[in-house]
Number of protein chains: 2
Amino acid sequence: MNNQSLDWSAIAQALVGIETITDPTQVAKLSTDYYHFSPVLQPLLKDKTGDLVVRPSSIAEILKIAQVCVQHKAPLIVRGSGTGNYGQCIPLQGGLILDLTKMTKINWLKPGLTSVEPGIKLAAFDKQAREIGWEWRMVPSTYRTATIGGFIAGGSGGIGSVTYGQLRDRGNIHALKVVTMEDAPRIVELRGDAIKKVNHNYGTNGIIVELEMPLAPAHPWAEVIVTFGDFMTAAKFGQALGDADGLIKKLVSIFADPIPSYFTALRNHLPPGCHCALVMVAEFCLEPFLELVKQFDGEITYQKAAQEATKGTSLLEFTWNHTTLHARSVDTNLTYLQTLFPADKNLTLLEHMFHHFGEEVMMHLEFLQVQGQTVPAALQVVRYSTEARLKEIIKYHEDQGAFIANPHTYILEDGGSKAIDPLQLEFKKLVDPYGLMNPGKMRAWEALKV
Amino acid sequence: MNNQSLDWSAIAQALVGIETITDPTQVAKLSTDYYHFSPVLQPLLKDKTGDLVVRPSSIAEILKIAQVCVQHKAPLIVRGSGTGNYGQCIPLQGGLILDLTKMTKINWLKPGLTSVEPGIKLAAFDKQAREIGWEWRMVPSTYRTATIGGFIAGGSGGIGSVTYGQLRDRGNIHALKVVTMEDAPRIVELRGDAIKKVNHNYGTNGIIVELEMPLAPAHPWAEVIVTFGDFMTAAKFGQALGDADGLIKKLVSIFADPIPSYFTALRNHLPPGCHCALVMVAEFCLEPFLELVKQFDGEITYQKAAQEATKGTSLLEFTWNHTTLHARSVDTNLTYLQTLFPADKNLTLLEHMFHHFGEEVMMHLEFLQVQGQTVPAALQVVRYSTEARLKEIIKYHEDQGAFIANPHTYILEDGGSKAIDPLQLEFKKLVDPYGLMNPGKMRAWEALKV
């Protein structure tokens, strides 16, 4: 289902000199993401495809592409590596797929801060940044393939958020430059709080072409698996580790049985029936960390020194939404939820949910900082039956006071943000007056057309 | 009032080869600390002095000194630079003053961790550690002169605690070696949670001779003064900065008028009647930090880049208990309190106290991490009238739910700790069976003698 009302050969012609892909199989492949994690999104998005893929390698080319799209009133869908899970970059009305994975330049890199192009892969950047002792503050579990631009446009936090909070928190993005979709496209720079106008907007508010991002000291991260006899002890261990100001950590992920059984590559370290924690902690903090493990009667079943952990598969690839990936690779009937529990060191609501749903909603916690407090987010693995039941589960969570960032919708407002900031809508009017950017994703904009 | 029942010439004779000081003026000077901040402690401690100062330069010498003290049943009082404020190292019954300021060796230093001797000055260590990119996690305002051993034995936290919590928190001290006061003195190593047996014990539980301490990345710290029109806005700015996970900081100190007027060296940056924040923030975070300042209608009156801030007087020398020092240099009738307010982002109890006492108890906040939450500690500057009134003020705070670490007592239990951990008492029985170490400071021990 692409956009056949447009003259794609004329568009392609206007872009001569810039790499384009027209082969339908390839275009289809580059029109998709990991929305199939959601059985609700699957039927809605499965036949969506773009008309043309364009792969620019400079801002000048991007300005040209923007101009051509505006001229032809062609939808434009920006993508990085397409590792999103909510159909963020699925073209709903066909259009030009702007693949930014060739925009991989590091403009500058200094202690604490960097300026990069959007298409650089997160892991590739870290490899260079670590040479001067720095790394990203937070990364998703798709770290190896995801791009920084895609992460900003479609993600919210990840490995590292247990220390630094989320991308939306002040200080975690310093500046963004976007190319507008005006009649005469131009570059607009957003700094400070103005970044909100573009962050986590699925590429609806300008094409991000440059990012100034703060960095974190690249500590030697040891990787550890700890198993526990019962889930709530594991959860409370996670909370305590998050709260331990003297222990430097990057990842605190907690899994209820049977989720560990889905981690087939870690089978030797996860005895049947166990509940476990997957942890990244600074190597120089291992000794006091082990005291905390002892306090919670945890058992270490896997421990890799930082040097060793850089080889082979990192534990981070079993956490955040890679947990869902591993679960689905065993049973495609599994899907997931995204929940933020209220700050409560006793984890009362969490415990209630754990018992209430049993194995229908398997607990997977990712601890992160929310406004200065360690809070459990959950990416529960859900045994899917019907959409109605899924809605019921979501409603039960919301009724009890848990916040749900629904991953079973491609509408911006129905996911995490709930409402578009009026500033964002105003900014869209400015930078995308014809509504060409990823059309159909921002309800507030669509409503203007009625 | 020294200890004349002992044969001090025989003791001195037994220590030949180790540097000793017998000149009474010098001994008196090396028997004191900054207890005079407290008008309650002043009359109690003003005539206390030791009999002999000994300045060893090796652990072998310390073992020898311990043995001689045990043999003669001579009290032994360990000291660093004597920058404490509660008479921690004032000899109550005379005795041998063990001055460890010649024990300044860095045994080893590697990323994240170091092993040092107790007498190294905090600033001197940092100078060396920063060459490899690291520094202490937290330091007191007596940073330039205080020793690490004295800080562990008599301090609790300081500049850096807004990120790392306090010394007592797991992970902030890795290991301690102490020399015992047994008949045959020996070295005992404490690691992990066992450190509690010695931490913050005023040198009553063994002579600390080696410390393994975790470090923090040495960021380039910019120093900033922000002024505010009203105190509660300044206080809430402090809370918000503490809670801002994306802003890397080392110091968040808030002062109510008229405290800023006591900072005479900063007069040009502190307009009369202002309330202010003294802040150290990573230079690469300055831009988003300034957005926070804007949000709270703060005005920047002083800003030094990190490079520049290393020259001249650092703002840290106006914070923590140096605030009291500056206040008392203007008016010796001023003293102070030490308060920990409960975690509450609205600062309700704090606001109540601010209004309730007015200028009798002037607000000075130091934000720090307590079990994963940013909490205001207060070192209020108090206009002293009588001891009875001081007790009334303390009682009022305690009755309303604020925790007071009373600085107007030299008894361990009556200050911050409230009760000696039974483990500490057991450890004292083991390492100081004759009760020679800093006698009179630990009530639980004195009670055993009855």
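Computed from the coordinates by the stated procedures, all read-outs in this text should not be read as laboratory data. Fair warning: this is a prediction, and the values are worked out from it, not measured in the lab. Here Cβ is always computed from backbone atoms with ideal geometry, including for glycine, and neighbour counts include all displayed protein chains.
Points to keep in mind about this one:
- Qualifying trypsin sites (Lys or Arg not before Pro) for the stretch B:285-380 [loop in DSSP, other Cβ within 10 Å: at most 14]: B:K311
- As a rough footprinting exposure proxy, the listed residues B:C285, B:C276 were ranked by other beta carbons within 10 Å of their own, and the order from fewest upward is B:C285, B:C276.
- Packing-based exposure ordering (other Cβ within 10 Å, fewest first) of B:V224, A:V252: B:V224, A:V252
- Taking every alpha-carbon pair under 8 Å whose residues sit at least 6 apart, chain B reaches a relative contact order of 16 percent.
- Inter-chain neighbour count for A:209-218: the average number of beta-carbon atoms from partner chains within 10 Å of each residue's beta-carbon is 2.
- Gain in span if fully extended, A:S385 to A:H36, counting 0.36 nm per residue against the direct Cα distance: 124.1 nm
- Crossing angle, helix A:321-330 versus chain A [Cα axis fit, 0-90 degrees, rounded to tens]: 80
- Within the same chain, aspartates and glutamates fewer than 8 places from B:K294 are excluded, and of the rest, those with a Cα less than 19 Å from its Cα are A:D169, A:D193, B:E223, B:D230, B:D243, B:D245, B:E283.
- Counted by neighbouring Cβ atoms within 10 Å, the residues A:Y86, B:Y384 run from fewest to most as B:Y384, A:Y86.
- Over chain A: helical MRE at 222 nm, DSSP H runs n ≥ 4 each giving -39500 (n - 2.57), nearest 500: -8000 deg cm²/dmol
- Of A:N406, A:P185, A:G298, farthest towards positive along the dipole that unit charges on Lys, Arg, Asp, Glu beta carbons give chain A: A:P185
- Coordinate range along principal axes, alpha carbons of the stretch A:315-427, Å, largest first: 45, 32, 32
- Value of D in µm² per second that Stokes-Einstein yields for chain A, Kirkwood Rh from Cα pairs, at 10 °C (1.306 mPa s): 71
- Cα-centre dipole for the stretch A:121-275 with unit charges at Cβ (Lys and Arg positive, Asp and Glu negative), debye to 20: 120
- Calculated over the stretch B:280-320: convex hull of Cα atoms, volume per residue (Å³): 85
- Here the protein assembly as shown is treated with +1 on each Lys and Arg Cβ and -1 on each Asp and Glu Cβ, and its dipole about the Cα centre works out to around 960 debye.
- Residue-wise HN-Hα couplings along the stretch A:194-210, as the Karplus relation 6.51 cos²θ - 1.76 cosθ + 1.60 with θ = phi - 60° gives them from phi, are 5, 4, 3, 5, 10, 4, 6, 10, 6, x, 9, 10, x, 8, 5, 10, 7 Hz; Gly and Pro carry x.
- Candidate lysines - alpha carbon under 25 Å from B:K48, same-chain residues fewer than 8 apart omitted: B:K29, B:K73, B:K102, B:K391, B:K418, B:K428, B:K441, B:K449
- Computed Kirkwood radius, in angstrom, where 1/r is averaged over Cα pairs of the stretch A:143-186: 12.3
- Distant alpha-carbon pairs in the stretch A:177-260 (separation over 19 angstrom), percent: 61
- Convex hull of alpha carbon positions in the stretch A:290-358: directionally averaged projected area 7.1 nm².
- Seen against the Cα atoms of chain A and their longest principal axis, helix A:348-357 is set at about 80 degrees.
- Sorted from closest to farthest, the other copies place their B:A184 label points 9.2 nm away, with each point set 7 Å from Cα along Cα→Cβ.
- Evaluated at q = 0.09 Å⁻¹, a Debye calculation over the C-alpha positions of the protein assembly as shown (equal weights, vacuum) places log10 I(q)/I(0) at -0.96.
- With contacts taken as Cα pairs under 8 Å and at least 6 residues apart, the stretch A:223-323 reaches a relative contact order of 42 percent.
- Value of relative contact order over the stretch A:1-124, rounded to a whole percent, pairs C-alpha under 8 Å and six or more apart: 29
- Across the identical copies, how the B:P43 labels are spaced - nm, sorted shortest first, 7 Å along Cα→Cβ: 8.8
- Environment charge of B:W136, counting only residues whose C-beta is closer than 12 Å and scoring Lys/Arg +1, Asp/Glu -1: +3
- Between the amide H of A:A378 and those of A:T339, A:L340, A:F341, A:E366, distances stay under 5 Å, these residues lying 5 or more places away or on another chain, with hydrogens modeled in the peptide plane.
- Distances from A:N346 to itself in the other copies, using label points 7 Å out along the Cα-Cβ axis, amount to 2.0 nm in increasing order.
- Taking Cα centre as origin and charging only the Cβ of basic (Lys, Arg, +1) and acidic (Asp, Glu, -1) residues, the dipole magnitude of the stretch A:308-360 rounds to 160 debye.
- Rotation relating A and B, chain B residue nearest the axis via C-beta, angstrom: B:P217, 2
- Residue-wise HN-Hα coupling along the stretch B:62-72, computed from phi with Karplus coefficients 6.51, -1.76, 1.60 (Hz; x: Gly, Pro): 5, 4, 5, 4, 4, 4, 5, 4, 5, 4, 8
- Alpha-carbon radius of gyration plus Dmax, which is the widest Cα pair, for the stretch B:240-384 in Å: 15.0, 42
- For the Cα trace of the stretch B:152-210, dividing Rg by the Kirkwood Rh returns an Rg/Rh value of 1.02.
- Just so you know, the Cα atoms of the stretch A:1-153 work out to an Rg and Dmax of 16.5, 52 Å.
- Dipole orientation for the stretch B:270-365: of the candidates B:C274, B:L349, B:F318, B:F318 has the Cα lying most toward the positive pole (charges on Cβ; Lys, Arg +1; Asp, Glu -1).
- Diffusion constant of the stretch A:208-248 at 20 °C, which comes from Stokes-Einstein with the Kirkwood Cα-pair radius and 1.002 mPa s, µm²/s: 158
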